[in-house]
Amino acid sequence: MSLLLFLIPIALGLGALGLGAFLWSLKSGQYDDLDGAAVRILFDDEESLKRSDRRPR
Amino acid sequence: MSCCGGDLAGACVEAVGDPDRLRRAEELRHAGRELPDGGTEFVLSAPSIHCGQCIVAIEDQLAKLSGIENVRVNLTLKRVTITTSPDFEEPIVLLETLDRLGYPATPVDLGDLDDLAKGQRSRELLKALAVAGFASANVMLLSVSVWSGADAATRDFFHLVSALIALPAVGYSGRVFFRSALKALSAGRLNMDVPIALAILLALAMSLYESLSGGETAYFDAALTLTFFLLIGRFLDEAMRERARSAVTALARLVSKGANVVEADGRIRYRPLDEIQPGMRLRLAAGDRLAVDARVLSGEAMIDRSLVTGESAPMLAALGTRLEAGVLNLSAPIEVEATSDAGTSFLAETQRMMEAAEVGRGRYVRIADRMARIYAPAVHLLSLVTFLGWVVITGDWYAAVYAAISVLIITCPCALGLAVPVVHVVAAGRLFEGGVMMKDGSGLERLAKISHAVFDKTGTLTTGTPRVDATTISDKDVPLALSLAAASTHPAARAVAAHYAGRSGAAIEALREEPGCGMEGTIGGMGRRLRLGRPDWVGEIADVDPRSAATLEGVAFAIEGHPIAHVTLTETLRPGAEAIVQALGKLSLSAELLSGDAERPVYRLATRLGLPAKARRAPSDKIGRIRALQEAGERVLMVGDGLNDAPSLAAGDVSMAPASACDVGRLAADFVLTQNDLSAIPETIEVARKAERLVTQNFGLAIAYNCVAVPLAMAGIVTPLIAAIAMSASSILVVANSLRLARRPSFRSKKQEPATPAFLAPEVFG
């Protein structure tokens, strides 16, 4: 029983962390261009990478 | 002419050179957004972006231009966002660079984008969905422990933890249902959300009571999984609608948002639409659309009224000619006096007619709501019967409440909530592949029911640009005719020029355009005149009886004193138009043609396609015809593009518009065809019918599930475990059934051929 007092908060905390990470990524626009993100990873041009850091509205 | 006559002449040369370029430059300037640092942000829509290479090509090439600060391609939306520095002056270069790279683009109005973002609910729903998903997964874990034997203090502890997660999660995620249920109840109606909200709230309340009093069963997991599944349906529905809406908004606006006003001091200032007052002098450059109704004060120009009236032939506007808002100036700049403001223009009239016509459509009740009307009272009644039955038979109030609530929970329309949206999302995906944008699911439901199709002519069955059918111009005269034709922007001249593309022109002197008549020039040396244009006007100089020349149709060409040569023009049919009657016949649909154009071109086309036709129909006549058909019991599909069609698009039971349609038309239509090919129409109807069948099947499945589950709940033997399994199983079954629509071979992809009508920039769908 006392073990549960540790384990449950840990389990919930991890879940909440995942939820927080999802909400953050949603807010920071990472789902705006899923197709683009899939192909951008293949570019090795540094110029493109540098520009890609800047996120448009 | 006015004090700025010189200026006007200068503008004339430039405008005649390339009206499209001017228009695009102007459009782009107004679409940009000023940034705080003085730079400008543009969002361009380029539908031909399709792969990683496109991203590299566009970003690298545009970044090379001077004055560009940042370029970012969005592959999903097929948009390019460009930030320029304050000293960047020629935004048109952006479009031209993209043209050169092979990605024709149109500016997206950022004001429209902002409006769109404000109305976006899918993001809220996605957050609610994430929270519900998190909460239901965790509560489910705790519930599984309880089901597998946790007891006494551990069980109570687990129930309390579940309550702590479930209450805030439902409070956050369930708002959409509660709000909608409250709205329905306060209006004295029942919708699907009433039993949903009731089931969720009662389940929570009962579980809370149980956990606080140390009871054995709690339904926290049921309440949360319910919320989760139902939110999936809501989210899919909303996301699909927003995607369509944003694609339609992304199309360049055709109706100008303002006009160039000639001020009292002779200077020209661009003013937004709402500042335009009757009596103001406006300048309408070649390539511009008129923003308000107006009367011509000076200058002569050819005017394209095809979007406004459906007439395919351009009209000559001279002193005193009245023009409707939305007409396009084809040739030379003119000055006009506004005779209306934005609120009373022809355009605004059309808008009002459209709203009036739409009222009839508002009566259509979506299939899910029709179900809800039967379902919600039935569920509440069942639950009441259960309660009374238990009280009467056992006299145990607690058991009676428990059984009644479990009836509500188990009948909660999880599967029903998914039955419609999933099918519609799958259908929208399939239609999108085939080049059809679907605005919302109700259009699909209405389309499945149609029995009769009404077509507009200009811009719908035909592309609106004429094409040379036959010509008697002798081979040695072709260079002369070509040179004359190439110097004009009149659609007929363009058709002649396009017909002889590849041939070289000849030197012609004193080239000039006689508005309303044609092109005239002289051949060097002999000083003989030559003309290309209206047959009676050409006949004046040719060796021919003027009266016989006047009976000719199309365009004529002659050298002074020589016999007349004649070019017949036909309208270019859209691909798939020839076969449309047959294709609709296969679906047992009848069709007809209603056009605002003159009798001759309408009947010629009608005979060719085998359609019954009526010519010279004003917008009100079209609505009248549609109403008459509807009263005769027909369900009418209206396909049209122009402003003159917009009210009838709204009046039809369901409507489609080609992407080249005016924006009012596109907004009024339920479906927008993004490709030139009309064969998408019968294919869309087939998808709609299949979707309807699947929706019906899904309802059947959901009802079958209830037939099994409800007796169990009424008997009071539903445990939380059974409820969880039954609800999930029925939802999964419904989703799996809906996905069958995607498995069928989707209709052939026509992505390679984006529609690019002559006057319109390419459109955008992403």
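A simple packing score, the average count of other Cβ atoms within 10 Å per residue, orders the peptides B:193-203, B:607-617 as B:193-203, B:607-617, with the highest score first. Evaluating 6.51 cos²θ - 1.76 cosθ + 1.60 at θ = phi - 60° for every residue in the range B:509-522, the Karplus couplings come out as 9, 6, 5, 8, 9, 9, x, x, 10, x, 9, 9, x, 10 Hz, glycine and proline recorded as x.
As a rough guide to protection, the peptides A:11-22, B:670-681, B:703-714 ranked by mean Cβ packing within 10 Å, highest first, stand as B:670-681, B:703-714, A:11-22. Applying 1/(1 + (r/R0)^6) with r as the Cβ-Cβ distance of A:S2 and A:D32 and R0 = 51 angstrom yields a FRET efficiency of 0.65. Shown in residue order for the range B:463-475 are the 3J(HN,Hα) couplings computed by the Karplus curve 6.51 cos²θ - 1.76 cosθ + 1.60 at θ = phi - 60°: 7, x, 9, x, 9, 6, 9, 8, 9, 10, 5, 6, 4 Hz (x for Gly and Pro). The residues of the protein assembly as shown expose on average 42 square angstrom of accessible surface per residue, using a 1.4 Å probe on protein heavy atoms. Computed from Cα atoms, the angle from the helix B:220-250 axis to the main principal axis of chain B rounds to 0 degrees.
So, in Å, what gap is there between the alpha-carbon centers of the range B:184-200 and the range B:605-642? Result: 41 Å between the Cα centres. Accessible surface buried by the A/B pair amounts to about 2700 Å², both sides summed, 1.4 Å probe. In this structure, the pairs whose alpha-carbon distance is over 32 Å, taken from B:K64/B:K439; B:K78/B:K127; B:K64/B:K127; B:K476/B:K614; B:K183/B:K622; B:K78/B:K183, are B:K64/B:K439; B:K64/B:K127; B:K476/B:K614; B:K183/B:K622; B:K78/B:K183. Under the convention that each Lys and Arg Cβ holds +1 and each Asp and Glu Cβ holds -1, the size of the dipole of the range B:117-238 around its Cα centre is about 720 debye.
Shielding of peptide A:29-40 by partners, expressed as the average count of other chain Cβ atoms within 10 Å per residue Cβ, is 5. Peptide A:11-18 has a mean shielding of 3, counted as Cβ atoms of other protein chains within 10 Å of each residue's Cβ. Rounded to the nearest Hz, the phi-derived 3J(HN,Hα) couplings of the range A:31-42 under the Karplus curve 6.51 cos²θ - 1.76 cosθ + 1.60 (θ = phi - 60°) are 9, 5, 9, 5, 5, x, 4, 5, 8, 4, 5, 7, where x marks glycine and proline.
For the protein assembly as shown, a/c is not less than 1.5, where a ≥ b ≥ c are the root eigenvalues of the C-alpha gyration tensor, and a/b tops b/c. That puts it in the prolate class. For the range B:330-351 and the range B:414-440, what is the separation of their Cα centres, given in Å? Taking the Cα centre of each part, the range B:330-351 and the range B:414-440 sit 39 Å apart. The apolar share of the surface of chain B, taken as the fraction of accessible area on carbon and sulfur atoms (1.4 Å probe, ligands and nucleic acids excluded), comes to 58 percent.
Near A:I8, once Lys and Arg are set to +1 and Asp and Glu to -1 for all other residues with Cβ below 14 Å from its Cβ, the sum equals 0. Charged side chains reduced to their Cβ positions (Lys and Arg at +1, Asp and Glu at -1) give the protein assembly as shown a dipole of some 2200 debye around its Cα centre.
The values are calculated or read from the model by the stated rules, or taken from the named source; none is laboratory data. These figures come from a predicted structure and were not determined experimentally. Quick reminder, even Gly has a Cβ in these numbers, built from the backbone with ideal geometry, and neighbours come from all protein chains shown. Accessible surface areas use protein heavy atoms only, side chains included; no ligands, DNA or RNA. Shrake-Rupley method; radii C 1.70, N 1.55, O 1.52, S 1.80 Å.
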